[in-house]
Amino acid sequence: MSAIEVEAPPANALSLAQQRESLWADARQRVYALLVASKVPGLRERLAQGGVDDWDGLWTGELDAGERAAAPLLVTLRRESPFTDWLLAEAAGSFAGWGAIAQSRLPFLAMRTHSRALCKAQLPNGQAIRVDWMDPDVLEALLPVASPEQLQRAYAGFDVLVTLTPQRWTRWSMGGARLVREATGLA
């Protein structure tokens, strides 16, 4: 049985500042970026410039240089930093499908472990594959058809996932055993 998706109609548009503040509205939550590095040229160089507390790759095992460069990343976002400013204001418009934002009560290492586990999947024939689950197109395809057990497993690590486009922010959360999708326009 699939989870039922509840989609709210786009609410009144909020400014980028209002959307941004909503990410840090709950002081108990940390805010993480989950980035599809292959879609954001120069991402590691931008991270090396500072403005983030922690970051690490989500693919495990021995990786060659190309795999390391393409591996998705988990980044702890600061409320005020040049990296956060760039990510929320520019990346959403410049790099379609760059990833998602997660609001979570988990500390960084626990969030990294959870996110890494979600990057691993198995095909019906038994073949193990990597999944860039934080890609907005992948989230849009998988979340609405996931079983309640799959949703519980995914949401064990975070409370809300947010995908961004230049026109809207979409928040994915759980309301009981139901998937809730709320889209808010960007003014």
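The values are calculated or read from the model by the stated rules, or taken from the named source; none is laboratory data. Please read all numbers here as calculations on a predicted model, not as lab measurements. No Cβ is skipped: glycine too gets one built from the backbone with ideal geometry, and neighbour counts run over all protein chains shown.
How do the pairs read when you match residues in the range 137-156 that are surrounded by fewer than 14 Cβ atoms within 10 Å (Cβ to Cβ) with residues anywhere that are among the small types (Gly, Ala, Ser), using Cβ under 7 Å and keeping only pairs 6 or more apart or on different chains? Once the first residue is surrounded by fewer than 14 Cβ atoms within 10 Å (Cβ to Cβ) and sits in the range 137-156, its partners that are among the small types (Gly, Ala, Ser) give Asp137/Gly97; Val145/Ser2; Ser147/Ser2; Ser147/Ala3.
The sole residue among Gly57, Gly42 that is buried (at least 17 other Cβ atoms within 10 Å of the Cβ) and either acidic (Asp, Glu) or at pLDDT below 95 (or both) is Gly57.
When Ala96 is tested against (1) exposed (fewer than 14 other Cβ atoms within 10 Å of the Cβ); (2) over 14 Å from the mean Cα position of the chain (by Cα); (3) touching a residue at least 60 places away in the same chain (Cβ under 8 Å); (4) closer than 24 Å to Arg168 by Cβ, only condition (2) is not met.
Among the strands (runs of 3 or more DSSP E) confined to the range 7-82, the ones with at least 1 residues that are of a type in the set (A, V, I, L, M) are located at 30-35, 73-76.
The condition (being without any contact (Cβ under 8 Å) to a residue 40 or more places away in the chain, small (Gly, Ala, Ser) and in contact with a helix residue (DSSP H, G or I) (Cβ under 6 Å, 6 or more places away or on another chain)) is satisfied by just one residue among Ala121, Ala70: Ala70. When Ala89 is tested against (1) surrounded by 16 or more Cβ atoms within 10 Å (Cβ to Cβ); (2) modelled with pLDDT under 90, exactly one condition is not met: (1).
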